[in-house]
Amino acid sequence: MKNAVVLLSGGMDSAVVVAIARAQGFAVHALSVRYGQRHTSELDAAARVAQSLGAVAHKTVHVDLRSIGGSALTDDIDVPEAGGPGIPVTYVPARNTIMLSVALGWAEVLGASDIFCGVNAVDYSGYPDCRPEFIEAFEKLANLATKAGVEGAGLRIHAPLLRLSKADIVREGMRLGVDFSQTVSCYQADDQGRACGHCDACRLRAAGFTDAGVPDPTHYA
């Protein structure tokens, strides 16, 4: 089995990506990032998902994005309960760039040529680092900036959910045996991982289950 690094937040999308990578025959090295987010219940969820879906390793790396703030997820800014124009305040500056960079480093150490992430550009909050252009640009950067890219076989960034709707993601997860009740997507979940049911992440998640015709297993506060 070839090694792959898979970014695992603990949310529904990244859980499905772990299952996809496993189904494609990769030995999954799951990577979570404690970046100063409002709650750590999603990291607890990531540990559960990594174990239940058969990751061969699960690592959590600490990166203090709270020290720079600028987001409702890393600063003393209220999480909005209604969408609005433009990029929402829940956007964390450079988060996906930073997390993919950490994944890139671990991939080099492992001798892995494949990195998976769960970004989505269909049913999403409009974050700029979830677009196809970003993934394509990061893959080019990865192959320019690393020994593996220059001297090795090269690196590939996989974003298998990029063009799927939330309903399609739910269906794919059900097909692959993902237990969505283990995942946490809410921006302001409590210590037990119970969701608020009102934030953008909760609304997108709930709509996905509804549209897929699948009972919502989310634990709500």
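The values are calculated or read from the model by the stated rules, or taken from the named source; none is laboratory data. Because the structure is predicted, anything quoted here is derived from the model rather than measured. Glycine gets a Cβ as well: all are built from the backbone with ideal geometry, and neighbour counts include every protein chain shown. Keep in mind that these areas ignore ligands, DNA and RNA; they rest on the heavy atoms of the full protein, side chains included. Shrake-Rupley method; radii C 1.70, N 1.55, O 1.52, S 1.80 Å.
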query = When residue 161 is evaluated against the numbered criteria (1) surrounded by fewer than 21 Cβ atoms within 10 Å (Cβ to Cβ); (2) touching a residue at least 12 places away in the same chain (Cβ under 8 Å), which criterion, by number, is the only one it fails?
reply = (1)
request  = Those residues that are closer than 23 Å to residue 66 by Cβ and open to solvent by less than 10 Å² (accessible area, probe 1.4 Å), I need them from region 94-118; list them, please.
outcome  = 100, 103, 117
message = Looking at region 33-48, can you tell me whether even one residue there is assigned to a strand (DSSP E or B), more than 17 Å from residue 127 (Cβ to Cβ) and in contact (Cβ under 8 Å) with a residue 24 or more places away in the chain?
response = yes
ask   = Quick check: is even one residue across region 121-128 surrounded by 20 or more Cβ atoms within 10 Å (Cβ to Cβ), out of contact with any Gly (no Cβ under 8 Å at 6 or more places or on another chain) and either of a type in the set (Val, Ile, Thr) or part of a helix (DSSP H, G or I) (or both)?
value = no
request  = Within region 16-31, track down each residue that is surrounded by fewer than 24 Cβ atoms within 10 Å (Cβ to Cβ) and either over 14 Å from residue 177 (Cβ atoms) or not aliphatic (A, V, I, L, M) (or both).
outcome  = 22, 24, 25, 26, 27
task = Considering only region 198-218, state which residues are in a loop (DSSP other than H, G, I, E, B) and modelled with pLDDT under 95.
result = 198, 199
task = Give the number of residues within region 175-197 that are more than 12 Å from residue 44 (Cα to Cα), open to solvent by less than 60 Å² (accessible area, probe 1.4 Å) and either outside any loop (DSSP other than H, G, I, E, B) or among the β-branched types (Val, Ile, Thr) (or both).
result = 4
key: First in region 93-108 and in contact (Cβ under 8 Å) with a residue 60 or more places away in the chain, second anywhere and open to solvent by 40 Å² or more (accessible area, probe 1.4 Å) and part of a helix (DSSP H, G or I), Cβ under 7 Å, 6 or more apart   = none
task = Just give me the residues in region 198-221 being open to solvent by less than 30 Å² (accessible area, probe 1.4 Å) and touching a residue at least 60 places away in the same chain (Cβ under 8 Å), in sequence order.
result = 199, 201, 205, 208
query = Of all residues in region 53-85, which are within 29 Å of residue 110 (Cβ to Cβ), open to solvent by less than 70 Å² (accessible area, probe 1.4 Å) and either modelled with pLDDT under 95 or assigned to a loop (DSSP other than H, G, I, E, B) (or both)?
reply = 53, 54, 55, 63, 65, 73, 74
